[in-house]
Amino acid sequence: MPQQAWIERQYADHAKRWPRTVVAAGLAALAGATLLACGASTDPQGPTVSTTAESPQIGPEAAAQLCDMMRAEIGNWQQQGTTVAKVSFNGTVHNWALRNGAVNAAVTRNREVIDTVTTENCPDVRDQAIAAFGTDDLASALAGF
């Protein structure tokens, strides 16, 4: 009879854990399906950016897109304070880089390319962004790149 009691305890313990296991497995499956749905294509969309070993070569369409994306956020950055504004700026640059050939790694190796592009294409936007971030240049505001 003691063995019967042990089996019943084991079954009861398993029955208590089973719902958690099923829920965890369901959440893992849902997360995996979400990731697959988001990453259905690895082809870059929008204007392209070619990269060299040193720095990405950013075409006029991609440069204009970066300026437009930054211009749309300037008011938010000015109100957010320097720390939050820098985080938001990083998100904007990551978003832009992903839309333009996934050049995030190339920007990481040469953050100054963002300053170069904005100086040439939208110096007013660059100056307003630098003032909002409290930095000397845009490269200094990029963290994680």
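General observations
- When the range 102-141 is limited to residues that are buried (at least 21 other Cβ atoms within 10 Å of the Cβ) and of a type in the set (Gly, Ala, Ser), the one that is nearest to GLY59 (Cα to Cα) turns out to be ALA106.
- Among (1) surrounded by 16 or more Cβ atoms within 10 Å (Cβ to Cβ); (2) under 18 Å from PRO56 (Cα atoms); (3) over 15 Å from the mean Cα position of the chain (by Cα) - the single one TRP96 does not satisfy: (3)
- Residue match in the range 47-62 (condition: open to solvent by less than 80 Å² (accessible area, probe 1.4 Å), at pLDDT 50 or above, hydrophobic (A, V, I, L, M, F, W, C) and outside any loop (DSSP other than H, G, I, E, B)): yes
- Scanning the range 101-144 for residues that are in a loop (DSSP other than H, G, I, E, B) and within 18 Å of the chain's Cα centre (by Cα) turns up GLY101, ALA102, VAL103, ASN110, ARG111, LEU142, ALA143, GLY144.
The values are calculated or read from the model by the stated rules, or taken from the named source; none is laboratory data. From a predicted model like this one, the values you see are computed outputs, not experimental measurements. Virtual Cβ from ideal backbone geometry, glycine too; neighbours counted across all protein chains shown. The accessibility values were calculated without ligands, DNA or RNA, using every heavy atom of the protein model including side chains. Shrake-Rupley method; radii C 1.70, N 1.55, O 1.52, S 1.80 Å.
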